Amino acid sequence: MANSAELPVAELRDVTRLYKMGANEVRALDRFSFTFAPGEYWSIMGSSGSGKSTLLNILGCIDRPTRGEYLVEGEMTSTLDDDQISELRSRQIGFVFQSYNLIPQLNVLENILVPLIYQDDPPPDGEDRARRLAQRVGLGDRLDHRPTELSGGQQQRVAIARALVNDPTFLLADEATGNLDSKTAGEILDLFDELHAEGKTILLVTHEPTVGRRAQKTLRLKDGRIDEVRENRGGA
Amino acid sequence: MSVQRGLGRTIRLGVQSLLLHKLRAILTMLGVLFGVASVIAMLAIGEGASEEAQEQIRQLGSQNVILRSVKPPEDLRGGSETTRVLSYGLTTADFERVRDSLPAVERAVPVRQLQQEVRLEERYLNPRVLATLPEYVDVTGRVVCEGRFLSTTDERTVANVCVLGYEVARFLSPFESSLGKRIKIGPDYFECVGVMLPRVPLSSDAPAPGLDVTGEVFVPLTTGRRWFGEVQVKIRSGSRDMEEVQLHEVYARVDHADNVQLVAEACKEMLGRQHKQKDYEVVVPLELLLRAEETKRIFNIVLGSIAGISLLVGGIGIMNVMLATVTERTREIGIRRALGAKRRHIVTQFLVETVVLSVGGGLLGIALGLLIPIGVEHWAEMRTIVTPGAPILAFAISAGVGVIFGLYPAWRAANMDPVDALRHE
């Protein structure tokens with residue numbers, strides 16, 4: 001899938017992220033450079049404090065580097081104002097969270113549609129797309145259910161449909177299987193495999209080695225730097 | 001198109017979010033509800049009261065100056081004889097001076113008030129019997145509804161005719177016209193030649209017999225003087241008071257409203273010269289009208305402040321709840337931001353919720369505010385006037401309260417850091 005002529009989906013150039021904790025400065029990311037190519041399936045691993053959460057936030061454009069540059073499909077994010085970076089999130093990033101994060105007062109269909117309603121110029125066929133995606137994740141007959149009426153696995157499927165509705169540049173999953181039992185988690189990971197096979201770029205942040213090994217490649221962080229980059233056998 | 005759909009969706013979503021906490025939403029609305037209801041009710045009652053007062057004053061005539069006889073204070077009369085004639089008040093000479101010596105006075109009319117029983121067959125009552133001149137209707141603006149008023153011929157021939165006030169006519173002859181009926185006033189019979197329109201439209205039912213009907217009966221001045229003289233006997237708790245009053249009232253019509261004050265001053269000066277004691281008063285309806293308007297203005301300011309305070313309290317209540325809601329929904333805000341919501345989307349979402357709360361409270365308040373005057377009119381028998389502007393004003397205020405007190409919570413929500421908001425439990 002990867003094509004050298006294509007722009008990298010996400011590129012970090014010399015990114016440093018500092019946090020002030022009282023008098024101390026914590027260096028969550030330290031001159032971090034990395035490039036994610038289109039169609040790749042990465043797991044991002046590391047122990048807590050390794051900087052993987054910070055990396056996830058920067059990749060998801062909800063946090064900004066203190067220094068350095070982050071590019072999404074070649075577009076520099078440091079020059080974007082809050083509205084522009086919000087628009088970028090709604091168009092190019094598909095978030096999947098550990099605790100599903102569906103909006104309780106909305107039904108399944110409405111939840112899937114959320115990223116589209118925030119776009120400046122929403123696609124006219126958004127609702128059809130949302131229905132197809134609900135079908136795709138196996139919840140086509142639950143469109144008018146509220147999140148509280150669904151199991152954890154079903155909620156996470158809705159969240160994945162929501163992450164796909166804007167046809168994002170990449171899917172960003174944060175411990176997407178962390179709250180699920182191993183059988184359901186396996187089903188979600190199978191879904192990721194399918195999506196990868198369809199050409200989707202997936203960045204999966206996790207601390208579980210078994211989950212991390214399911215990805216094509218693994219990026220391991222330690223103390224805000226790259227610790228290890230590894231190709232997993234059995235990856236697609 | 002998409003903007004409109006977007007707003008519709010936002011409002012629907014806002015209502016849905018509020019419905020998650022129905023009791024809380026209702027309690028929050030109560031503040032605005034009572035604020036708005038009190039605005040409307042107080043405005044209606046205030047408007048009604050002042051309208052009534054102004055109507056009464058206007059009936060006296062804003063271009064009139066009224067001179068009245070006033071009984072001097074008790075201690076100045078001296079003695080405690082059981083029978084004596086007390087002489088006081090305006091005289092015919094006063095009336096002529098006012099009529100003839102002031103060029104700004106167009107017309108002047110004297111009125112004598114007599115205490116007499118008025119009877120038609122077995123029905124009788126004690127209205128005010130007023131002896132006056134034909135010009136009375138011109139000066140006071142009263143209107144005849146049946147027959148005619150007193151004429152100069154009546155006056156010249158000292159005719160035994162009378163004109164009944166509407167209420168008196170309805171009481172004496174409820175089922176047929178009083179015209180041509182022979183009405184007994186005091187010792188003698190008078191032919192009824194006319195019936196006056198009531199001053200303010202009354203309820204259509206005839207007053208029940210035995211009720212204390214205050215009404216008026218008009219007779220020619222000359223006739224009044226001939227039959228009832230200058231001295232009137234009042235029987236009060238065993239003792240007899242005899243009073244000699246030539247004229248009870250003099251209405252002077254001034255050519256222009258600007259001259260009313262001047263004429264009033266001139267009358268005061270003239271009477272002051274002629275009367276040793278203060279047995280008269282000078283009433284200027286225009287002055288009363290201005291004073292009533294000033295009172296109304298102050299009344300409105302007071303009512304406005306009270307209503308303003310209750311709306312302020314209501315608004316603070318809404319803001320308090322919305323701040324709590326924002327904190328409670330921090331995570332939702334984080335999710336929405338991460339999924340691409342711009343700051344203005346979050347502001348709109350919470351602002352719409354606040355406005356839905358306040359406008360909902362406002363609408364219920366308007367409903368209650370319109371019911372209160374109806375109740376007041378029914379139970380307290382007070383006149384109320386709901387001006388069409390009041391509900392519109394109240395609605396605008398409630399929407400304004402929502403926007404003003406919703407801005408800060410909405411701003412707080414929109415400026416949360418998405419990372420922190422997502423981490424919020």
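Which pairs in the list B:71/B:276; A:183/A:222; B:71/B:278; A:52/A:200 are over 18 Å apart, alpha-carbon to alpha-carbon?
Details: B:71/B:276 13 Å; A:183/A:222 30 Å; B:71/B:278 9 Å; A:52/A:200 21 Å.
Pairs exceeding 18 Å: A:183/A:222; A:52/A:200.
What would the Debye equation give as log₁₀ I(q)/I(0) for region A:27-155 at q = 0.21 Å⁻¹, counting only Cα atoms as equal point scatterers?
Listed by q, the Debye log ratios stand at -1.29.
Would you work out which of B:63, B:306, B:164 lies farthest towards the positive end of the dipole of chain B? Charges go on Cβ: Lys and Arg +1, Asp and Glu -1.
Ranked along the dipole, the leading option is B:306.
FRET efficiency for residue B:274 and residue B:382, Cβ-Cβ distance as r, R0 = 56 Å, nearest 0.05? Spell out each step's value before the answer.
Numbers: r = 43 Å, r/R0 = 0.76.
Computed FRET efficiency for residue B:274 and residue B:382: 0.85.
Over the whole of B:327-339, what's the average partner chain Cβ count within 10 Å per residue? Rounded to a whole number, please.
On the way: counts 0, 0, 3, 0, 3, 6, 0, 3, 11, 7, 5, 14, 18.
For peptide B:327-339, the averaged partner shielding equals 5.
Describe numerically, in nm with one decimal, the distance between label points set 7 Å from Cα along Cα→Cβ at residue B:423 and at residue B:122.
9.8 nm
Go ahead and run the numbers for FRET between residue A:151 and residue A:24, Cβ-Cβ distance against an R0 of 35 Å, rounding to 0.05. Intermediate results must be reported in sequence, preceding the final value.
Values: r = 43 Å, r/R0 = 1.23.
In this case the efficiency is close to 0.25.
How large is ³J(HN,Hα) for each residue in region A:215-222, as worked out from phi by the Karplus curve 6.51 cos²θ - 1.76 cosθ + 1.60 (θ = phi - 60°), to whole Hz, x for Gly and Pro?
Along region A:215-222, the couplings run 6, 5, 9, 10, 10, 9, 9, 8 Hz.
Please list, in chain and number order, the residues 5+ apart from residue B:144 or on another chain whose amide H is under 5 Å from its amide H, with Hs placed from the backbone.
Distant-sequence amide H within range of residue B:144: B:197.
First obtain the Kirkwood hydrodynamic radius of the protein assembly as shown from its Cα pairs, then insert it into the Stokes-Einstein equation at 25 °C and 0.890 mPa s, and state the resulting D in µm² per second as a whole number.
Working: Rh = 32.9 Å.
Stokes-Einstein gives a translational diffusion coefficient of 75 µm²/s.
Assign one of three labels to chain B, namely rounded, prolate or oblate, based on the Cα gyration tensor with a ≥ b ≥ c the square roots of its eigenvalues; rounded applies when a/c is under 1.5, prolate when it is not and a/b is larger than b/c, and oblate otherwise. Don't skip to the answer; put the middle values down first.
Details: a/c = 3.57, a/b = 2.88, b/c = 1.24.
Cα axes put chain B in the prolate bin.
Please compute the contact order of chain A in relative form: average sequence separation of alpha-carbon pairs under 8 Å and at least six residues apart, divided by the residue count, as a percent. Before the final figure, lay out each step's value.
Values: 483 pairs, mean separation 64.6, N = 236.
Across chain A, relative contact order equals 27 percent.
Would you work out which of B:418, A:54, B:403 lies farthest towards the positive end of the dipole of the protein assembly as shown, given +1 charges on the beta-carbon of Lys and Arg and -1 on that of Asp and Glu, about the Cα centre?
A:54
In whole Å, how far is the Cα centre of region A:46-101 from that of region A:153-190?
Cα centroid to Cα centroid, the span is 18 Å.
Taking the Cα centre of chain B as origin, work out the dipole magnitude from +1 charges on Lys and Arg Cβ and -1 charges on Asp and Glu Cβ, in debye rounded to 20. Display every interim value, and only then the final one.
Working: 48 positive and 48 negative charges, 424 e Å.
My answer is approximately 2040 debye.
Per-residue Cβ counts within 10 Å, from other chains only, averaged over A:108-121: what number is that?
Numbers: counts 0, 0, 3, 2, 0, 1, 5, 5, 2, 11, 9, 3, 3, 1.
Taking the mean over all residues of the peptide, I get 3.
When you count, for each residue, the other Cβ atoms within 10 Å and take the mean per peptide, how do B:126-136, B:376-386 rank with the highest first? Working shown, then result.
Numbers: B:126-136: 20.9, B:376-386: 14.1.
Sorting B:126-136, B:376-386 by mean packing, highest first, produces B:126-136, B:376-386.
Tell me whether chain A comes out rounded, prolate or oblate; compute the Cα gyration tensor, take square roots of the eigenvalues as a ≥ b ≥ c, and use a/c under 1.5 as the rounded threshold.
On the way: a/c = 1.57, a/b = 1.36, b/c = 1.16.
It comes out prolate by the Cα gyration axes.
What distance in nm lies between label points placed 7 Å from Cα along the C-beta direction at residue B:58 and residue A:6?
Distance between the two pseudo-spin positions: 8.3 nm.
Using +1 at the C-beta of Lys and Arg and -1 at the C-beta of Asp and Glu, which of B:386, B:375, A:210 has the Cα lying farthest in the positive direction of the dipole of the protein assembly as shown?
It is A:210.
Could you give each residue of region A:138-147 its phi-based ³J(HN,Hα) in whole Hz, using Karplus coefficients 6.51, -1.76, 1.60 with θ = phi - 60°, and x for Gly or Pro?
x, 10, x, 9, 10, 4, 9, 7, 8, x
Considering every residue in B:287-294, what mean count of other chain Cβ atoms within 10 Å of its Cβ is obtained?
Numbers: counts 0, 0, 0, 0, 0, 0, 0, 0.
Other-chain Cβ atoms within 10 Å of each residue's Cβ, averaged: 0.
Quick check on region A:117-236: take the gyration tensor over C-alpha atoms, sort the square-rooted eigenvalues as a ≥ b ≥ c, and tell me if it's rounded (a/c under 1.5), prolate or oblate. Intermediate results must be reported in sequence, preceding the final value.
Details: a/c = 2.09, a/b = 1.57, b/c = 1.33.
Prolate, since a/c reaches 1.5 and a/b exceeds b/c.
How high is the relative contact order of chain B? Use alpha-carbon pairs under 8 Å, at least six apart in sequence, and give a whole percent. Write down the numbers at each step before the final one.
On the way: 743 pairs, mean separation 124.1, N = 425.
Relative contact order, chain B: 29 percent.
Counting other Cβ atoms within 10 Å, keep those with at most 16, restrict to DSSP loop, and tell me which GluC sites (Glu not before Pro) in region A:55-110 are left.
On the way: sites: A:69, A:73, A:75, A:87, A:110; in loops: A:73.
Those that pass, being in a loop and sparsely packed, are A:73.
Could you calculate the contour length gain from residue B:404 to residue B:115, that is, 0.36 nm times the residue separation minus the distance between their Cα atoms, to one decimal place in nm? Walk me through the numbers before you get to the answer.
On the way: separation 289, 0.36 × 289 = 104.04 nm, distance 6.44 nm.
Here the segment from residue B:404 to residue B:115 would lengthen by 97.6 nm.
I want to check the label-to-label distance for residue B:320 and residue B:19. Put each point 7 Å from Cα in the C-beta direction and report it in nm to one decimal.
With each label placed 7 Å out from Cα toward Cβ, I get 2.8 nm.
Between residue B:9 and residue A:76, what FRET efficiency follows from the Cβ-Cβ distance if R0 is 41 Å, with the result rounded to 0.05?
Calculated value: 0.80.
In what sequence do B:319, A:45 fall when counting other Cβ within 10 Å, fewest first? Walk me through the intermediate numbers first.
On the way: B:319 20, A:45 25.
With the sparsest Cβ surroundings first, the list reads B:319, A:45.
Run the dipole for chain A about the Cα centre, Lys and Arg Cβ at +1, Asp and Glu Cβ at -1, nothing else charged, and hand back the magnitude in debye, nearest 20.
Once rounded to the nearest 20, the dipole reads 800 debye.
About its Cα centre, how strong a charge dipole does the protein assembly as shown have in debye, to the nearest 20, once Lys and Arg get +1 and Asp and Glu get -1 at the Cβ? Show your work: numbers first, answer last.
On the way: 76 positive and 85 negative charges, 181 e Å.
Dipole size: approximately 880 debye.
Using DSSP H assignments, which helices in chain B have an axial alpha-carbon span of 30 Å or above and a mean Kyte-Doolittle hydropathy of 0.5 or higher? The partial results should precede the final answer.
Working: long enough: B:22-60 (56 Å, 0.76); B:285-328 (63 Å, 1.02); B:343-379 (53 Å, 1.12); B:389-414 (36 Å, 1.36).
Long hydrophobic helices here: B:22-60, B:285-328, B:343-379, B:389-414.
Ranking request for peptides B:389-396, A:148-155: highest mean number of other beta-carbon atoms within 10 Å first, then the rest in descending order. Mind dumping the intermediate values first?
Values: B:389-396: 16.9, A:148-155: 15.2.
The packing order, highest mean first, is B:389-396, A:148-155.
Read-outs throughout are calculated quantities, based only on the coordinates presented, and are distinct from any laboratory measurement. Since we're looking at a predicted model, the values are computed, not measured. FYI the Cβ positions are ideal-geometry reconstructions off the backbone, even for glycines, and counts take in every protein chain you see.
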